[in-house]
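Right, one structure below, let's go through it.
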Amino acid sequence: SFQVVGGKVKKPGKRGRKPAKIDLKAKLERSRQSARECRARKKLRYQYLEELVSSRERAICALREELEMYKQWCMAMDQGKIPSEIKALLTGEEQGKAQQNSIKLAKAGKTEANSSNP
């Protein structure tokens, strides 16, 4: 039971466009190109992840060193010694406060002097 439409013989039950005969070499080349691009993306992704891991490892090392330093300071303070770094921090803060106070006093003196002048 074939139908003849416009001079062509059609088989029943075969609707939709027929797959075009793609050149096999072109198809293989497209597949190879796709695989190359996939490998390149994978390589970039691995590079990015490796950089991420190494930066995290560096951060961890820095934090471990900082923790060790604080442990040493605590052990020293338990023995009644004040580490020189803490002394420097404290004196630095006190000097900073003293400088801020002297600046405030100087500014206050200037404003009083300015307000007393007519």
For region 79-95, pairs from a residue that is touching a residue at least 12 places away in the same chain (Cβ under 8 Å) to a residue that is open to solvent by 70 Å² or more (accessible area, probe 1.4 Å) and of a type outside the set (D, E, K, R), with Cβ under 7 Å and 6 or more apart or across chains, are none
Given the structure, is Glu112 at pLDDT 90 or above, out of contact with any helix residue (DSSP H, G or I) (no Cβ under 8 Å at 6 or more places or on another chain) and part of a helix (DSSP H, G or I)?
-> no
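Residues checked against (1) among the β-branched types (Val, Ile, Thr); (2) modelled with pLDDT of 85 or more; (3) open to solvent by 100 Å² or more (accessible area, probe 1.4 Å):
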position: Gly16; (1), (2), (3): no, no, no
position: Leu24; (1), (2), (3): no, yes, yes
position: Arg39; (1), (2), (3): no, yes, yes
position: Ala62; (1), (2), (3): no, yes, no
position: Glu68; (1), (2), (3): no, yes, no
position: Gln72; (1), (2), (3): no, yes, no
position: Met77; (1), (2), (3): no, yes, no
position: Gly96; (1), (2), (3): no, no, no
position: Ala106; (1), (2), (3): no, no, no
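The values are calculated or read from the model by the stated rules, or taken from the named source; none is laboratory data. Source: prediction; values computed, not measured. Here Cβ is always computed from backbone atoms with ideal geometry, including for glycine, and neighbour counts include all displayed protein chains. The area values use the complete protein model at the heavy-atom level, side chains included, leaving out ligands, DNA and RNA. Shrake-Rupley method; radii C 1.70, N 1.55, O 1.52, S 1.80 Å.
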